[in-house]
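Q: After the structure tokens below, expect a handful of questions from me.
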Amino acid sequence: MGCAHGKCCGHRPRSSDSDSREFQEVSQFSVHGKHILTERSIEFVPVPSRNFRLEYSVLTQRGYYPDSPDKENEDSFCIRTQVQGNPNLHFFGVFDGHGLFGAQCSNFVRDRLVDILANDPRLLDDPVNAYSSAFVRTNHELHDSEIDDTMSGTTAITVLVVGDKLLVANVGDSRAVIALKVGDRVLAENLSSDQTPFRRDEYERVKLCGATVLSLDQLVGLEDPDIQTWGDEESGGSDPPRLWVQNGTYPGTAFTRSIGDSTAEGIGVIADPEVCTVQLTPDHLFFVVASDGVFEFLSSQAVVDMVASYPDPRDACAAIAGESYKQWLAHENRTDDITIIIVHVKDLRNVPMLQGQHP
């Protein structure tokens with residue numbers, strides 16, 4: 001979910017790194033009933049400090065907007081291997097732009113965030129603070145750029161592989177999910193928590209900053225504005241709670257954190273990420289980093305089930321995109337832009353790190 005009036009024009013995203021330049025948008029998901037991305041190799045990169053490898057694929061596809069047939073994709077992504085020249089540091093990020101200049105914001109953050117992170121000497125010794133600082137600095141640089149981000153911005157969901165650990169940083173409502181094998185089952189575990197007014201802690205934080213939180217129906221008087229409960233994101237439907245200035249009809253963001261959105265900063269929308277660290281084990285099979293166009297109508301478990309059913313991550317990307325579009329069109333007359341990165345964790349074993357060894 002983005003701004004109240006949908007997501008606006010931009011240009012097709014490209015990767016900020018050579019590892020993902022070959023990936024392009026796909027406009028067709030099925031060939032003879034099988035989801036496949038043709039003429040595209042699976043990428044892989046070793047993590048030598050733990051003697052395992054990552055196998056990954058990515059798909060980005062612009063949404064279907066019948067009222068704006070020329071509207072372009074505001075999602076972008078970045079895959080950068082060997083951050084800081086370190087063969088054990090690898091970055092995966094998805095950025096979902098919104099507003100009139102959403103594509104420009106998304107592409108700016110795609111390029112700058114990983115560069116700032118890569119040039120921070122604290123990254124290995126103090127990765128959480130380095131990560132948080134990179135988000136905040138990127139936000140300041142976007143404000144100072146030539147891009148008008150008063151009513152535009154981007155969410156950002158990123159995963160940094162640091163040896164056999166994942167460092168996950170998120171602002172907004174895109175999501176990262178990891179698959180855990182438990183017996184005969186493959187369970188989805190969220191690596192990020194969507195930052196929206198559905199979360200009571202985020203709701204209370206933005207209210208203290210002066211935000212009015214109402215759904216569109218409440219804003220226009222069709223529903224009682226005094227009711228400040230909206231269920232949860234699964235049951236919230238197409239009229240979620242949004243943030244508005246006092247006695248105003250803007251900006252209408254359905255998220256509580258983002259990069260850009262300088263107007264919304266005045267009512268509590270911040271660029272400070274929530275950062276978590278996850279220790280990989282041999283029971284972790286893969287992780288998914290995707291824009292909220294995927295998760296609007298598909299649960300994390302549904303996405304993990306689909307990835308687990310396709311040995312080839314290219315087919316899994318296409319299958320998830322196809323099902324996402326199907327669900328969007330079943331509920332609305334349009335679809336969102338969709339971006340998916342799938343990363344398989346291959347051959348990870350419980351081998352202790354040697355004393356003095358670093359990722």
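Q: Starting from the Cα of Arg349, step 7 Å along the direction of its Cβ; do the same at Ser238; then give the gap between the two resulting points in nm.
A: 5.3
Q: Oh, and also: Could you pull out the trypsin sites (Lys or Arg not before Pro) across region 85-151 that fall in loop regions by DSSP (anything but H, G, I, E, B) with no more than 13 other Cβ atoms inside 10 Å?
A: Details: sites: Arg110, Arg112, Arg122, Arg137; in loops: Arg122.
In loop regions of region 85-151 (DSSP not H, G, I, E or B), the sparsely surrounded trypsin sites (Lys or Arg not before Pro) are Arg122.
Q: Something else: Grab the beta carbon distance between Ser309 and Thr281, set R0 = 35 Å, and tell me the FRET efficiency rounded to 0.05. If you can, show how the numbers build up before the last one.
A: Details: r = 22 Å, r/R0 = 0.63.
Efficiency, rounded to the nearest 0.05: 0.95.
Q: Computing the accessible area with a 1.4 Å probe over protein heavy atoms, can you report the carbon and sulfur percentage for region 262-359? Present the calculation step by step, with values, prior to reporting the outcome.
A: Working: 2000 of 3950 Å².
Answer for region 262-359 is 51 percent, counting heavy atoms of protein chains only.
Q: Next question. Which FRET efficiency value, to the nearest 0.05, do you get for Val245 and Leu124 by plugging their Cβ-Cβ distance into 1/(1 + (r/R0)^6) with R0 = 41 Å?
A: In this case the efficiency is close to 0.45.
Q: Per residue, how large is the accessible surface of region 123-271? Use a 1.4 angstrom probe and give square angstrom. If you can, show how the numbers build up before the last one.
A: Values: 6090 Å² over 149 residues.
With the other protein chains kept in place, region 123-271 gives 41 Å² per residue.
Q: In region 140-207, what percent of the accessible surface is made up of carbon and sulfur (1.4 Å probe, ligands and nucleic acids excluded)?
A: Working: 1200 of 2480 Å².
With neighbouring chains kept in place, the figure for region 140-207 is 48 percent.
Q: Out of the GluC sites (Glu not before Pro) in region 221-276, which ones are loop residues according to DSSP with at most 16 other C-beta atoms within 10 Å? Write down the numbers at each step before the final one.
A: Details: sites: Glu223, Glu233, Glu234, Glu265, Glu274; in loops: Glu223, Glu233, Glu234.
Sites meeting the loop and neighbour criteria: Glu223, Glu234.
Q: Same structure again: Label points 7 Å out from Cα along the Cβ direction at Glu223 and His331: separation in nm?
A: 1.4
The values are calculated or read from the model by the stated rules, or taken from the named source; none is laboratory data. Just so it is clear, the structure is predicted and the values come from calculations on it, not from any experiment. With ideal geometry, Cβ positions are generated from the backbone for all residues, glycine too; neighbour counts draw on all protein chains shown. Each accessible area value is taken on the protein alone, full model and side chains, heavy atoms only, with ligands, DNA and RNA left out. Shrake-Rupley method; radii C 1.70, N 1.55, O 1.52, S 1.80 Å.
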